Amino acid sequence: MRSRAGRAAAVTGRVITVLVLAAALSSCTAHDAGPSGEPGSAAVTTTQASPTTTSPAPPSDQGATTMRISVNGHDLEVELADNSSADTLAELLRDGDLTIEMSDYNRFEKVGPLPQSLPTNDERITTAPGDVILYQGTQITIYYDSNTWSLTRLGRITNVSTAELRRILGEGDVTATLSVG
């Protein structure tokens, strides 16, 4: 028969094993991992907005704030999420447009560095084509396929089908300009 100390050690060992397994399972994703680009690995350019674009766009009837992403000659409208991350991004864009060099990652997203860190509101989500996501507070991603990970939703591209989005984003790297809607 085991001593009280022996039983306690066995229980502690089982608890540690369960915690290690839970941590390993929580890091599993539908794809490999999040974006591989290091912060600052691509160029980010900030331009001053003209006086007519420095004021925020008027809210729609539903109160949603919008952003525009210009890429490959197309303007994509993004309905921003209702969180502090999207609010901070919108405030940053009121100071001027951001031009971001975005790399293709794992054939399901375009990713590029932001000029400053944004607050995160991470939650485990499965993205869909058209989702605009903040990764690790410093990277912005545009998904054209799905992925499951702990991410912060910044918004969603509206009025574009998955096929159109794939065609607009094209293959390889892109330059995207973000501006207030």
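The values are calculated or read from the model by the stated rules, or taken from the named source; none is laboratory data. The model shown is predicted, which means the values in this text are computed figures rather than measured ones. We place every Cβ from the backbone using ideal geometry, glycine too, and count neighbours over all the protein chains shown. For accessibility, only protein heavy atoms count, side chains too; no ligands or nucleic acids. Shrake-Rupley method; radii C 1.70, N 1.55, O 1.52, S 1.80 Å.
Quick notes
- Region 116-164, accessible area per residue, ligands and nucleic acids excluded (1.4 Å, Å²): 40
- Subtracting the Cα-Cα distance of ILE125 and SER161 from their residue separation scaled by 0.36 nm leaves 10.9 nm.
- For ASP122, ASP173, ASP97, the ranking by accessible surface with the largest value first comes to ASP173, ASP122, ASP97, using a 1.4 Å probe.
- Computed label-point distance, nm, for sites GLN116 and ASP173 using a 7 Å Cα→Cβ extension: 2.6
- Lys, Arg +1 and Asp, Glu -1 on Cβ, resulting dipole of region 101-156 about Cα centre, debye, nearest 20: 80
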